[in-house]
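Have a look at the structure below before the remarks.
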2 protein chains.
Amino acid sequence: MRKVAILGIGQTSIGEHWDKSLREIGGESAFAALQDAGVEKVDALFVGNMLSPLIDSQNQLGSYLADWIGLWDKEAVKVEAACGSGAAALRAGLMAVSAGEIDSALIIGVEKMTDKAGHDITAALATAADADYEVEQGVSFVGLNALIMQRYMHEFGWKHSDFAPFSINAHANAMHNPFARLHEKITVEKFEKSAMVATPVNLLDASPIGDGAASVVIVPAEKVTSIPRRPRVIIAASASATDTLAVHARKDPLFLTAAYESATRCYEMAGIQPEEIDVFELHDAFSIMSALSLEACGFAERGQGVKLGLENEIVPSGRIPICTRGGLKARGHPVGATGIYQIVEIVQQLRGECTDTQVGGAKIGMTQNIGGSGATILTHILITE
Amino acid sequence: MRKVAILGIGQTSIGEHWDKSLREIGGESAFAALQDAGVEKVDALFVGNMLSPLIDSQNQLGSYLADWIGLWDKEAVKVEAACGSGAAALRAGLMAVSAGEIDSALIIGVEKMTDKAGHDITAALATAADADYEVEQGVSFVGLNALIMQRYMHEFGWKHSDFAPFSINAHANAMHNPFARLHEKITVEKFEKSAMVATPVNLLDASPIGDGAASVVIVPAEKVTSIPRRPRVIIAASASATDTLAVHARKDPLFLTAAYESATRCYEMAGIQPEEIDVFELHDAFSIMSALSLEACGFAERGQGVKLGLENEIVPSGRIPICTRGGLKARGHPVGATGIYQIVEIVQQLRGECTDTQVGGAKIGMTQNIGGSGATILTHILITE
């Protein structure tokens, strides 16, 4: 297998882009990544997207976006793994470059979610859960996460406000990210007084959806031996794992087995220990997911993930900085695009481009992108050499 | 890149499987392929599907089917390229095995289409076309193919009945395929009297949708040096190419550029000429597509594809046998599954398992799977060694 490097990154701001179409925001991030990479064409396009058939009446985003970007004749395909679609598309492209089949690939994560009414979006997001065994019973996607959070609080004795540091850190960091959807500092008081969505998940436990796209250009590492202006970023490890789709079918619904599996494989591949990770962009779709992800990846004991927040270890200067550009919570969560936003943000950290939320001396970064309530989980480790 | 072999195949019959769910038909084909391969587990699952978000309210078919099949913890993902989804999923799995990332993969093409009303299906299939530039104008997917066929007849001087041999061959061959949706011989008279769908496309120009699933198990070729009971089938070439999504944007709407590109790359990879192809499972969603595919792949001059039918060269004993198990026209077209049905059928030909429609001495077979009206086209060449 060939080693692969990330040559270029691009992103759009996340928001309600009613004046732009799906192809326009996808294209905007792609052109930015191509420009950043200093290339005009690539051999293939891999698109991560979850909801375009439901929200935009559009399938086949591979040729749809290849057409728009001017990659006529090139290979192009869409990959879908619910909210894990972005990282799944990256992994598909990575395999093709690793195999030597292609010499460059553009990966676009894109989602246009705000053109429909809220109840349509809720129904669309529920397609990430099990239609027969979960959604059929009337449970929504946020409802599933509320059940997990409730059980976690009961089992390990935490109170709701113990989760506040996750949201506070994310919102504080997003203040310095011009692409973030939310630019608003919050406090524990504000967190506690926030409107309830599905007990115990309130509005500040939950990430906002949005329209957005992020892109990366990848190439074999040997082709980028000398870019003087910045450090070379290598994909040191990539792994994907699954769990049961329905949460009730898991032996332990409070442990993200697929996060553990994919992270463990990545540590092995990269030849590192969790302690060596300098910065971690995790999938905080709901604050409970931050805790579970930190635990499954070896940063905390079971049931003790919230403690890292309470002890101030998740901020940019802490032991394991997370959500350094705002995370899903404040940067925003355009579902199929999120996995690529995470990759873009780790590249920014490894290049030292993160201004006030820069993690000092960051050399090793990790991303974790989750589809469903932990059903598909992809982990990537990026390093500078 | 490692050479990859197809170790096992499985398929369900195509029809209206109202008594079975999406996971059940996907599982049925998967278990058949695993049994045929003589293995219980694989390292990863790749699913080809187009319509499950729209028809079954279900996304994330990777973990959905991995869960059902018992592949817990394993990597699983869905790949979508409209009606080309099946072959696109195979290609994604092929890249991962070629790269050496995994040592075995299960590919499932699956579609459950008959649980909704016809107008819902028509709307869902239209997501393969360009929502902004084509569907917005009121054109349906069959309407687009009708415009192409009309133009082809005008440009090259063919009459409608000249297309009859494509359907007659497909229906005749399906008589010997127990998995086919339609078991009904047809004649030129019947073809001509068939009900009009969208002039000039009538019911016998168009393939029937259906519920169905097909699966293959792939492994590195070196791992199957000795299966005494049957010839080893190798994936000698794989290529994917795209064209503009909207038909009107093409320089020549009567030439499938992406078919030409992907087939040409495959011939090069396999080191063969079109004349050496013994059997060709092409994408006859509409009879016009058979003609265009034969032309783009080098079996006929431009505008002369129909001649191959009229000269009886497309039957199993002809110069370039196509649709030997019924094709999309009579085997049926469960859209995201079709690409894997084609692969399964070529494997059957290369193993010599096709009874009355066996192509004598078949050693080299080709498949071509099309997404949209030629927007994404994947070609594969399989050989026995």
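Descriptive notes on the structure:
- Here the accessible area is traced with a 1.4 Å probe on the protein chains. For the range B:185-296, carbon and sulfur cover 55 percent of it.
- P(r) of the range A:105-179 over all Cα-Cα pairs, binned every 5 Å from zero, in whole percent: 3, 11, 13, 14, 17, 22, 13, 6, 1, 0
- Exceeding the 31 Å Cα-Cα cut-off - candidates B:Lys251/B:Lys363; B:Lys190/B:Lys307; A:Lys116/A:Lys251: B:Lys251/B:Lys363; A:Lys116/A:Lys251
- Over the range B:1-78, relative contact order from alpha-carbon pairs under 8 Å, at least 6 apart, %: 31 percent
- The protein assembly as shown pair-distance distribution - Cα-Cα, 10 Å bins, rounded %: 3, 16, 26, 25, 17, 8, 4, 1, 0
- A straight line joining the Cα centroids of the range A:253-291 and the range A:341-379 runs 11 Å.
- Using equal-weight Cα scatterers in the Debye expression, the normalised intensity of the range A:178-243 in log10 at q = 0.29 Å⁻¹ is -1.28.
- Nitroxide proxy distance, nm - points 7 Å out along Cα→Cβ at B:Ala117 and B:Trp18: 1.5 nm
- Volume per residue of the convex hull around the Cα atoms, evaluated for the range B:225-275, comes out as 124 Å³.
- Rounded if a/c under 1.5, otherwise prolate or oblate - the range A:49-91, Cα gyration tensor axes: oblate
- Theoretical FRET efficiency, 1/(1+(r/R0)^6), r = Cβ-Cβ of B:Ala249 and A:Glu136, R0 51 Å, to 0.05: 0.75
- By definition, a body whose alpha carbon gyration tensor gives a ≥ b ≥ c is oblate when a/c is 1.5 or more and a/b is not larger than b/c, and the range B:244-332 fits this oblate description.
- Separation of alpha-carbon centers, the range B:141-208 and the range B:321-338, rounded to whole Å: 13 Å
- In chain A, Cα pairs under 8 Å separated by at least six residues give a relative contact order of 26 percent.
- At R0 = 60 Å, FRET efficiency that the Cβ-Cβ distance of B:Val224 and A:Ser317 yields, to 0.05: 0.65
- Where N is the number of residues in the range A:279-385, Cα Rg divided by 2.2 N^0.38 Å: 0.98
- Measuring spread by the Cα atoms of the range A:131-246 yields a radius of gyration and Dmax of 19.8, 57 Å.
- Within the range B:298-313: backbone nitrogen closer than 14 Å to the B:Gln273 label point (7 Å, Cα to C-beta): B:298-300
- Per the Cα gyration tensor, the range B:213-370 maps to an equivalent ellipsoid with semi-axes of 26, 18, 15 Å, ordered largest to smallest.
- Across the range B:329-385, counting alpha-carbon atoms alone, Rg and Dmax equal 12.3, 35 Å.
- Shape call, the range B:4-143: gyration tensor on alpha carbons, a/c limit 1.5: prolate
- For the range A:63-193, the relative contact order is 12 percent, taking Cα pairs closer than 8 Å that sit 6 or more residues apart in sequence and dividing their mean separation by the residue count.
- Area accessible to solvent at B:Thr199, 1.4 Å probe radius, in Å²: 90 Å²
- Against the compact-protein benchmark of 2.2 N^0.38 Å, the Cα-based radius of gyration of chain B scales to 0.90.
- The GNM of chain B, with springs linking C-alpha atoms under 10 angstrom apart, assigns the highest mean-square fluctuation among B:Met289, B:Met366, B:Met196 to B:Met196.
- Share of pairwise Cα separations in the range A:2-42, more than 13 Å, in percent: 58 percent
- Spatial separation of Cα centroids for the range B:57-127 and the range B:2-56, in angstrom: 9 Å
The values are calculated or read from the model by the stated rules, or taken from the named source; none is laboratory data. This is a predicted model, so every value here is computed, not measured. With ideal geometry, Cβ positions are generated from the backbone for all residues, glycine too; neighbour counts draw on all protein chains shown. We work out accessible area using only protein heavy atoms, side chains counted, and drop any ligands, DNA or RNA first. Shrake-Rupley method; radii C 1.70, N 1.55, O 1.52, S 1.80 Å.
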